[in-house]
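Heads up, the thing below is written out as structure tokens.
Please treat every number below as a calculation from the coordinates, not as lab data. These numbers come from a predicted model, not from an experiment. Glycine gets a Cβ as well: all are built from the backbone with ideal geometry, and neighbour counts include every protein chain shown.
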Amino acid sequence: MKLWGGRFEKQTSGLVDDFHSSITFDQRLAHLDITGSIAHATMLGEQGVISKEDADAMVEGLKSIRDDVDAGKIQFALDAEDIHMNVEKILTERIGEAGKRLHTGRSRNDQVALDSRMYIKQIAKEAIQFQRELCEALIVIAKRHCESIMPGYTHMQRAQPVTLGHHMMAYFQMFSRDMQRMKEVYQHADVCPLGSGALAGTTHPLNRYRTQELLGFSSITLNSLDAVSDRDYVCDYIYAASVCMMHLSRFCEEMIIWSTHEFKFVEMDDSFATGSSIMPQKKNPDVAELIRGKTGRVYGDLMGLLTTMKGLPLTYNKDMQEDKECLFDARDTLIKSLMVFTAMLSTCTFRADNMARSAEGGFTNATDAADYLVKKGMTFRDAHAVIGRLVLYCVKDNKGLLDLSLEELQSFSELFEEDIFVACSMRACVTLRDVPGGPAPNRVRETIEAGEKFLESFAL
Ligand code: ARG
């Protein structure tokens with residue numbers, strides 16, 4: 001018979017058992033579920049809601065089940081529906097009558113909220129660890145390439161020269177924000193819902209602060225209705241995962257473009273690229289493409305859950321069981337993507353020579369040439385027009401600005417002097433962009449230092 005079978009005259013249809021049971025996936029929460037039950041049982045005993053002997057028996061029984069779960073020795077039953085009832089059933093099989101007191105003053109509704117909050121605290125920490133490793137890898141590359149000039153782009157058109165170090169530190173900013181976002185996810189999840197019951201608390205004299213303390217939560221939920229119907233913290237995790245995947249995906253897109261024959265800015269290590277079954281010459285950036293592709297899947301997880309939640313009246317509705325598979329999928333996808341991306345990035349070879357050559361072309365020093373005239377007294381708008389005409393002239397001749405002679409330059413403006421050739425060299429263009437947050441090598445070194453300090457002091 002079902003744990004809730006009292007008011008039923010018939011068995012559940014096999015179709016329903018198969019359809020509504022969540023044990024196939026929520027068994028992932030088994031360890032945490034048992035930890036939550038151990039705290040609940042301990043508190044029930046301390047409060048005198050159950051006898052000390054029963055509490056001890058429960059705690060012992062639960063620990064033995066938890067060991068067996070960890071050792072992979074437990075077979076869960078589909079007809080026991082979910083992880084919560086499976087554990088209670090196994091406990092009662094092991095310790096008898098006392099097991100039937102475990103659910104005193106508790107509902108699966110506050111229990112599942114507890115389990116998923118504990119799980120999210122765990123996986124937010126885990127994500128931060130992998131994001132940290134990626135940030136560290138970025139710093140290693142940035143340090144090596146503070147002076148490596150590359151073209152910066154807008155609209156995918158060469159725009160102004162920057163350095164590879166600066167470019168890497170841009171991603172550092174994104175992933176360090178992701179770490180902070182995950183920390184906020186952790187903080188939102190760090191509230192204990194136990195004691196909210198099915199929806200309206202309980203008449204038993206529970207000590208909610210005791211279970212909060214036993215389970216290491218920072219505070220308790222303040223409204224029993226909200227506590228069992230809230231899944232914001234699940235949305236928060238999947239949103240934070242989505243943003244991090246978006247950052248990974250943009251990075252992957254660049255790696256894919258940079259590894260083309262047309263760019264040749266980067267070469268993937270053989271161990272992180274794949275070949276073609278028909279074209280012998282191919283070396284494809286599949287890993288980067290797959291991360292880009294999987295980003296859509298994590299967005300799907302987020303949209304799925306938001307859509308599931310949008311029409312739900314208070315409080316718990318079974319629809320909410322649908323939160324788990326998208327959460328698990330988002331977590332698995334995020335962690336695997338971070339792991340493989342960091343490994344791919346750390347093993348690839350950046351072609352600083354090709355980057356520098358590319359920066360030389362494409363008039364990336366045109367703004368600097370205009371700035372040069374401004375420093376000689378021209379208004380910026382006039383200087384913009386002069387350099388525009390100069391670029392047009394060069395395009396027709398297939399030349400760069402500094403390929404022209406001083407005489408040719410002076411036919412566009414008499415303000416040009418010999419020093420233009422130094423002032424508009426790639427090196428000068430980068431070094432002179434000496435504002436905080438700019439690409440000048442000493443500024444990038446400053447950001448690297450700040451980044452290292454951030455990583456050092458980031459704690460959860
Ligand atoms: N398996 C359920 C879920 O994940 C647990 C809560 C069930 N509560 C209930 N009243 N049916 O949402």
Starting from the amide H of Gly152, placed 1.01 Å from N in the peptide plane, find each other amide H under 5 Å away whose residue is 5 or more places distant or on another chain.
-> Ala159, Gln160, Val162
Place +1 on the Cβ of every Lys and Arg and -1 on the Cβ of every Asp and Glu in the chain, take the dipole about the Cα centre, and give the residue among Gly400, Gly105, Ala39 whose Cα lies farthest towards its positive end.
-> Gly105
Which listed residue (Tyr233, Pro205, Asn223) has the Cα farthest towards the positive end of the charge dipole for the range 198-244, taking +1 on Lys and Arg C-beta and -1 on Asp and Glu C-beta about the Cα centre?
-> Pro205
Take the alpha carbon atoms of the range 198-244, find their center, do the same for the range 77-149, and report the distance between the two centers in whole angstrom.
-> 14 Å
If you keep only loop residues by DSSP, which chymotrypsin sites (Phe, Trp or Tyr not before Pro) in the range 1-84 have at most 14 other Cβ atoms within 10 Å of their Cβ?
-> Trp4, Phe8
Loop-located chymotrypsin sites (Phe, Trp or Tyr not before Pro) in the range 204-284 whose Cβ has at most 15 other Cβ within 10 Å (DSSP) = Phe263
Just list whichever of Lys125/Lys324; Lys2/Lys100; Lys52/Lys73 have alpha carbons separated by over 23 Å in the model shown.
-> Lys52/Lys73
Semi-axes in Å, largest first, for the range 392-460 (Cα gyration tensor, √(5λ)) are 41, 12, 8
Nearest 10, in degrees from 0 to 90: the angle of helix 441-457 to the longest Cα principal axis of the chain is 10 degrees
State to the nearest 20 debye the size of the charge dipole of the chain about its Cα centre, where the only charges are +1 on K and R beta carbons and -1 on D and E beta carbons.
-> 300 debye
Sorted on mean Cβ neighbours within 10 Å (highest first), peptides 282-292, 385-395, 326-336 come out as 326-336, 282-292, 385-395
Where nothing but the Cβ of Lys and Arg (+1) and of Asp and Glu (-1) is charged, how large is the charge dipole of the range 278-415 around its Cα centre, in debye to the nearest 20?
-> 300 debye
Scattering profile of the range 361-408 from the Debye formula, Cα beads only, expressed as log10 I(q)/I(0) at q = 0.19, 0.22, 0.30 Å⁻¹, is -0.56, -0.75, -1.18
Once Glu325 and Asp56 are pulled to full extension, the length gained, defined as 0.36 nm per residue separation minus their Cα-Cα distance, is 93.4 nm
Paramagnetic reach from Leu290 (point 7 Å along Cα→Cβ, amide N under 15 Å) across the range 307-345 | 332-345
Rule-of-thumb check for the range 176-301: C-alpha Rg over 2.2 N^0.38 Å?
-> 1.66
Tail fraction, Cα-Cα pairs, the range 83-144, threshold 16 Å, whole percent = 64 percent
The Rg/Rh figure for the range 309-455, Cα atoms and Kirkwood Rh, to two decimals is 1.28
Over the range 79-207, consider all pairs of different Cα atoms and compute the Kirkwood hydrodynamic radius from their mean reciprocal separation; express it in Å, one decimal.
-> 19.0 Å
Acute angle (nearest 10 degrees) that the helix 164-189 long axis makes with the longest principal axis of the chain, alpha-carbon atoms | 20 degrees
Over the chain, what relative contact order in percent results from Cα pairs under 8 Å that are six or more residues apart?
-> 16 percent
So, with points 7 Å from each Cα along the Cβ direction, the Arg7-Phe458 label distance in nm works out to 5.0 nm
How large is the dipole of the range 75-232 about the Cα centre if only Lys and Arg carry +1 and Asp and Glu carry -1, each at its Cβ, rounded to the nearest 20 debye?
-> 380 debye
At most 15 other Cβ atoms within 10 Å and a DSSP loop assignment: could you name the trypsin sites (Lys or Arg not before Pro) in the range 1-98 that fit?
-> Lys2, Lys10, Lys73
Cα lying deepest toward the dipole's positive end in the range 54-138, options Leu78, Leu91, Ser116, charges on Cβ = Ser116
Square roots of 5 times each gyration tensor eigenvalue, C-alpha, the chain, largest first, Å = 61, 23, 19
With Cα coordinates, the longest principal axis of the chain makes an angle with the long axis of helix 108-144, in degrees rounded to 10, of 20 degrees
